[in-house]
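The values are calculated or read from the model by the stated rules, or taken from the named source; none is laboratory data. Note that this is a predicted model, so its numbers are computed, not measured. Positions of Cβ are backbone-derived with ideal geometry, glycine not excepted, and every protein chain shown enters the neighbour counts. Heavy atoms of the whole protein, side chains included, go into the accessibility calculation; ligands, DNA and RNA do not. Shrake-Rupley method; radii C 1.70, N 1.55, O 1.52, S 1.80 Å.
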Amino acid sequence: MTNNYKPMMGGVPISVERLAKGLRALGHEVTIFAPTYREQQEEEDVFRYRTCLNHFIGGIVLPNPFDRRIEEEFVKNSYDIIHVHHPMLIGRTAVYLSRKYQIPLAFTYHTRYEQYLRCYTGNIAKFDRFMVAYLHTFLKHCDFVFAPTAGMQQYLVNDCKVDPARTGILPTGIERENYMVSEAQGEEIRRQYGAEGMPLLITVSRMAHEKNVSFLLESLARVKEKYAGPFRVLMIGDGPDKEVLRKRSVRLGLEDTVIFTGTVPNEQIAPYFKGADGFIFASKTETQGIVVLEAFAGATPVIAVRATGVEDLVEDGVNGILTGEDREEYAGKLTAFLENVSGNHASPAGESNAAQEEGTNALFDDMAENAYRTGNRYREEMIAFKALRYYNNMIEEKRITMENGGQKKRNIRLLLGRI
């Protein structure tokens, strides 16, 4: 159950789709309850409930969790698990259905809502207190709570006071196709955007305030002053701020460096990661950063602002680079990265770059290899199998609880063991 889904582009829709795909591949039945969009495509096993507003905060829709058809559809099937991906709106509906029909409820904490709302309200202290209090109450109704990273798990335990025995780490899986892109497909992307003979950087993001894209543009303007050669940047994605950011890019003198590509469908994105030398990222509202793992699957090092979620994946100097949210620091480290990468590309005259001859791009090569190794641990089928083990133990825990008149006699951690 989710408050947003395709055709909206974002981390939660991707996570929901991939988990469902992985579970189905293991032979299980999955129904996705998702809101209605004007541009949606009908899909089997996706139930669309009504929407109140087509345009809400950040360009998302406001779903109607009180749509009676949700329960009508729900009772048509004998579900074993409810897995909800938002604590509000559809989250409350999930709690209601779980309690009424005695079905285990799992929840994945995808979004740092207080940080997201800071971008639109600026009153972080007020929302911090509200969200922690709300989550503390909501999570009491959940049988098990998933965090995408260890850092987020600690937040749930320490700040939201969730029993550690009721938490587990379940990241978003990366599709098998992301690991199987050829060098030729990557080179085609470089040719398409005129990035032959120069470093190519990409970012994949909603073009919205909370993703901190303006920070990247301002940092890139400084990189352009520092770096001696040409380079190309692809800004992939759409959103309410896209046109504002494009104009900002022109004012910063980046019109011949930065290209706003618009949305690239998920099934077509992997060659972009393969073709890129580096993935740049500045969002501080991520709980995991799916695009970071997609970059790793393409053997692409990540240059990111240090933030919760991202720093659980990016190991500074090993599979990428972490910086503070400081434009000069980010620009300096990105410039050094480009100078290292330049050894992989021929000069405009077609001659080998001196850096390549001296082997000074070895650091980049090591980072690329380490990035791929990191990404390999997050394959879609492995994550789905891990989810299945958690689900089975939730079902068993519920069965034992019901047999004992609603009193829990076992701890789910003891049932589960180490995964």
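Under a Gaussian network description of the chain, with springs only between Cα atoms under 10 Å, the residue in A384, A221, A282 that fluctuates furthest is A221. In the chain, taking the dipole from charged Cβ atoms about the Cα centre, the farthest positive-side position among P265, M9, Y330 is held by M9. Label the range 161-234 by shape, choosing from rounded, prolate and oblate, from the square roots a ≥ b ≥ c of the eigenvalues of the Cα gyration tensor; if a/c is under 1.5 it is rounded, and otherwise prolate applies when a/b is larger than b/c, oblate when it is not. It comes out oblate by the Cα gyration axes. Once the Cα-Cα distance is subtracted from the 0.36 nm per residue extended length, the E396 to A133 segment shows a gain of 91.7 nm. Annotation for the range 68-111 versus the range 134-150: alpha-carbon center distance of 14 Å. If a spin label sat at a point 7 angstrom from the Cα of N376 along the line to its beta carbon, the backbone N atoms of the range 148-191 nearer than 19 Å would be those of 173-183.
The Cβ shell under 9 Å around F144 holds other residues with a net charge of -1, Lys and Arg each +1, Asp and Glu each -1. Relative to the first principal axis of the alpha-carbon coordinates of the chain, what is the inclination of helix 183-192, with its axis defined by its Cα atoms, in degrees from 0 to 90 and to the nearest 10? The answer is roughly 70 degrees. Using a probe radius of 1.4 angstrom, the carbon and sulfur fraction of the accessible surface of the chain is 49%. For the pair L53 and Q268, label points projected 7 Å from Cα toward Cβ lie 3.2 nm apart.
Springs join every pair of Cα atoms under 10 Å in this Gaussian network model of the chain, and among D159, D316, D143 the largest mean-square fluctuation is at D159. For the range 375-387, 3J(HN,Hα) computed residue by residue from phi via the Karplus equation (6.51, -1.76, 1.60; θ = phi - 60°) reads x, 5, 7, 10, 4, 3, 5, 5, 5, 5, 5, 5, 4 Hz, glycine and proline entered as x. What net charge do the residues around V250 carry, taking every other residue with its C-beta under 12 Å from that of V250, with Lys and Arg at +1 and Asp and Glu at -1? Value of the local net charge: +1.
Using the 1.4 Å probe convention, the accessible area of the chain works out to 45 Å² per residue with neighbouring protein chains retained. Any of K242/K386; K6/K211; K21/K211; K21/K398 with alpha carbons more than 29 Å apart? Name them for me. Too far apart for the 29 Å limit: K242/K386. Of all aspartates and glutamates in the structure, those lying under 16 Å Cα to Cα from K100, and not within fewer than 8 positions of it along the same chain, are E71, E72, E73, D80, D143. Over the residues of the chain, the helix contribution to mean residue ellipticity at 222 nm works out to -13000 deg cm²/dmol, using -39500 (n - 2.57) for each DSSP H run of at least 4.
For the chain, the relative contact order works out to 15 percent when only alpha carbon pairs closer than 8 Å and six or more residues apart are counted.
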